[in-house]
Amino acid sequence: VVAEVALEVVAEAVVIPEAIEVPETIVKTREAKMSTRGIYVQDMELLQTVFQVGTYFDFVINAETKTVTVIPTDVKGKNTVSKRKMKDVTKPVIDIRRKSVLETFNGCDNLVVTIFENRIEIAGQIA
């Protein structure tokens, strides 16, 4: 005996949640003195980021907001994360000596360096 089964298809609206924004993790924030030479970041916390010794980075200047954002890149020949050995630890070093970067901070009294896992933001501040 074959039983007939009637299937009823009910169209229901499926609600797909919007993309959930995951807050970026700030590894460290600190103040830095202005320099006439450039930007130099050698914090131990860089070991917790993508900026490892020998990797490459680039930077984006925003003169309007007086910020420089350091970003990782795969492009060989760009800036390279260097190193500084202190005791038993080798720290990554970001060293940017460009006139265009220094001009970004004209008129600023100090800098605020914010290290994220995937970028570094340097912002000029006026007292």
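The values are calculated or read from the model by the stated rules, or taken from the named source; none is laboratory data. The structure displayed is predicted, hence computed values, not measured ones. Every residue, glycine among them, receives a Cβ derived from its backbone with ideal geometry; neighbour counts consider all protein chains shown. SASA here: full protein model, heavy atoms, side chains in, ligands and nucleic acids out. Shrake-Rupley method; radii C 1.70, N 1.55, O 1.52, S 1.80 Å.
Those residues that are free of Cβ contacts under 8 Å to residues at least 60 places away in the same chain and either farther than 19 Å from Phe51 by Cα or open to solvent by less than 30 Å² (accessible area, probe 1.4 Å) (or both), I need them from region 102-122; list them, please.
Result: Glu103, Thr104, Asn106, Gly107.
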Next on the checklist: Which condition from (1) within 14 Å of the chain's Cα centre (by Cα); (2) open to solvent by 20 Å² or more (accessible area, probe 1.4 Å); (3) among the β-branched types (Val, Ile, Thr) is the one that Val70 breaks?
Outcome noted: (2)
Next on the checklist: With the requirement that a residue be open to solvent by less than 60 Å² (accessible area, probe 1.4 Å) and touching a residue at least 60 places away in the same chain (Cβ under 8 Å), what does region 45-65 give you?
Outcome noted: Glu45, Leu46, Thr49, Phe51
